[in-house]
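Colleague: Please read through the structure below; I'll follow up with questions.
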Amino acid sequence: MPIIYQQISELRAALQPYRGQRNDKPDNAQRIALVPTMGNLHEGHLELVSIAKQYADIVVVSIFVNPTQFGEGEDFDSYPRTLDEDVAKLATVGADYVFAPNVDEMYPVLPPSTSVLAGAITNQLCGQSRLGHFDGVGIVVSKLFNIVQPDVAVFGQKDYQQLAIIKQLVRDLSYPIEIVGAPIVRAADGLALSSRNQYLSAAERKTAPVLHMELQRLAQKLAQQLTCNKQGMQGFDVLLAETHQRISDAGFNIDYLEIKTDQLGTIDTIDSSEANGNGKSSHLMILVAAWLGRARLLDNQLVTVH
Ligand SMILES: Nc1ncnc2c1ncn2[C@@H]1O[C@H](COP(=O)(O)OP(=O)(O)OP(=O)(O)O)[C@@H](O)[C@H]1O
Ligand SMILES: CC(C)(CO)[C@@H](O)C(=O)[O-]
Ligand code: BAL
């Protein structure tokens, strides 16, 4: 079973022996991976741990429902907290340590007076519909990086914008941490696994895979257009509007549905030869957030040009 720590000082003391004389890179220094989560773990999270184990000797999983990334009226209070079950699941994939602090331990003063702004990339997509969300993610992830001081940290591509922001944060603040993005783990019917899927009623759960199906359909159409039509991105708006309608007709309330570059730039800043990767691979990403009942679902799909 993984060892659980709730205190920062205890976790730091437990990890210290693995670090060795890091600067001299002796043979006995062991690599540490961090997998940050908010708990209520599912197969998607466990896959992050399995990937982390490929990159490091010691895997620390943090479980913390971070108040600073929730907006007013969001589900901070009702977010599922299932620590015992989470720890049992983590034992099956060989996680070594669980860091499960309470709010006071992480935030002696709340709200914290320091903010780690992530720039223009935060003001779009989820950042536009959840104001302040990425400020909260930025501060908590910075704190976790400082507490654990991992060599590598693994984040899921389901939260694609979050992954892009963390990569930027690490670059901008010179954290000596390798950031690994893990592919989306899906249910058999294509729905991206997410703790919030449990907010779906039985009928909504049947509808939910439509999101992934529609993104795949749109990606195929965009790829066809890029392959056949030298006009490149002309007509993308029509395809996007059609997909928007189809998703809405299925019962979703769309927060955003956008086509971006894979770096989350606007697509009018790249030309069509870049968009189809000069015949190699596409640089386009479709991103969606949509409400189905009480659940806000995220998904994304890379546009692959064959
Ligand atoms: N289906 C998935 N595939 C890959 N990574 C995932 C998946 N679901 C979550 N993750 C990743 O797990 C990490 C922790 O996410 P979190 O604990 O918020 O889980 P979640 O299921 O996304 O929850 P929520 O429903 O609140 O969004 C993040 O890096 C996230 O991208
Ligand atoms: C990275 C994270 C654990 C920070 O609270 C959270 O945003 C999440 O679960 O994706
Ligand atoms: N995985 C996303 C965390 C959040 O929705 O706050």
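The values are calculated or read from the model by the stated rules, or taken from the named source; none is laboratory data. The shown structure was predicted, so the numbers you read here are calculated from the model rather than taken from an experiment. Here Cβ is always computed from backbone atoms with ideal geometry, including for glycine, and neighbour counts include all displayed protein chains. Remember, those area values only see protein heavy atoms, side chains included, never the ligands or the DNA or RNA. Shrake-Rupley method; radii C 1.70, N 1.55, O 1.52, S 1.80 Å.
Colleague: Test LYS158 against the stated conditions and say whether it is among the charged types (D, E, K, R), more than 10 Å from ligand 1 (Cβ to nearest atom) and buried (at least 18 other Cβ atoms within 10 Å of the Cβ). Can you show your working first?
Modeller: Numbers: among the charged types (D, E, K, R): yes; more than 10 Å from ligand 1 (Cβ to nearest atom): no; buried (at least 18 other Cβ atoms within 10 Å of the Cβ): yes.
Judged against the criteria, LYS158 is not a match.
Colleague: Which one of these is assigned by TED's automatic domain parsing to the domain that holds ILE139 and either more than 30 Å from GLY132 (Cβ to Cβ) or at pLDDT below 95 (or both): ALA33, ALA56, ALA52?
Modeller: Numbers: ALA33 fails: either more than 30 Å from GLY132 (Cβ to Cβ) or at pLDDT below 95 (or both); ALA52 fails: either more than 30 Å from GLY132 (Cβ to Cβ) or at pLDDT below 95 (or both).
Of the residues listed, the single one that is assigned by TED's automatic domain parsing to the domain that holds ILE139 and either more than 30 Å from GLY132 (Cβ to Cβ) or at pLDDT below 95 (or both) is ALA56.
Colleague: Would you call ALA203 outside the structural domain of ASP135 (by TED's automatic domain parsing) and open to solvent by 20 Å² or more (accessible area, probe 1.4 Å)? Show your work before the answer.
Modeller: Details: outside the structural domain of ASP135 (by TED's automatic domain parsing): yes; open to solvent by 20 Å² or more (accessible area, probe 1.4 Å): yes.
So ALA203 passes the test.
Colleague: Here is a list: LEU226, LEU240, LEU222. Which entry is at pLDDT 95 or above and either on the phi < 0 side of the Ramachandran plot or assigned to a loop (DSSP other than H, G, I, E, B) (or both)?
Modeller: Numbers: LEU226 fails: at pLDDT 95 or above; LEU222 fails: at pLDDT 95 or above.
Going through LEU226, LEU240, LEU222 in turn, the sole match is LEU240.
Colleague: Follow-up. Say whether the condition of being within 18 Å of ALA33 (Cα to Cα) and either surrounded by fewer than 16 Cβ atoms within 10 Å (Cβ to Cβ) or free of Cβ contacts under 8 Å to residues at least 40 places away in the same chain (or both) is met by at least one residue in the stretch 93-111.
Modeller: yes
Colleague: Let me ask something else. May I ask you to list the residues in the stretch 137-155 that are more than 12 Å from ligand 1 (Cβ to nearest atom), in a helix (DSSP H, G or I) and in contact (Cβ under 8 Å) with a residue 40 or more places away in the chain?
Modeller: Start the filter on the stretch 137-155 by keeping residues that are more than 12 Å from ligand 1 (Cβ to nearest atom), which leaves 138-139, 142-143, 145-152.
Now narrow it down to the ones that are in a helix (DSSP H, G or I): 138-139, 142-143, 145-148.
Listed by number, the residues that qualify are ILE139, PHE145, ILE147, VAL148.
Colleague: Got a number for residues in the stretch 206-228 being of a type in the set (A, V, I, L, M, F, W, C), open to solvent by 40 Å² or more (accessible area, probe 1.4 Å) and more than 18 Å from TRP291 (Cβ to Cβ)? It would help to see each step written out before you state the result.
Modeller: Residues of the stretch 206-228 that are of a type in the set (A, V, I, L, M, F, W, C), as a first pass: 208, 210-211, 213, 215, 218-219, 222-223, 226, 228.
Subset that is open to solvent by 40 Å² or more (accessible area, probe 1.4 Å): 213, 228.
Applying the additional criterion that residues be more than 18 Å from TRP291 (Cβ to Cβ) yields 228.
Summing the residues that are of a type in the set (A, V, I, L, M, F, W, C), open to solvent by 40 Å² or more (accessible area, probe 1.4 Å) and more than 18 Å from TRP291 (Cβ to Cβ) in the stretch 206-228 gives 1.
Colleague: Take the residues of the stretch 28-82 that are part of a strand (DSSP E or B) and of a type in the set (S, T, N, Q): which is farthest from ligand 1 (Cβ to nearest atom)?
Modeller: Start the filter on the stretch 28-82 by keeping residues that are part of a strand (DSSP E or B), which leaves 32-37, 58-63.
When the remaining residues are screened for being of a type in the set (S, T, N, Q), the result is 37, 62.
On the way: THR37: 4, SER62: 9 Å.
The selected residue is SER62.
Colleague: Ok, one more. Which pairs turn up if I take residues in the stretch 162-174 that are outside any helix (DSSP H, G or I) and look for partners that are more than 10 Å from ligand 2 (Cβ to nearest atom) with beta carbon separation below 8 Å, at least 6 apart in sequence or on another chain?
Modeller: Note: pairs meeting the criteria are LEU173/VAL116; LEU173/SER142.
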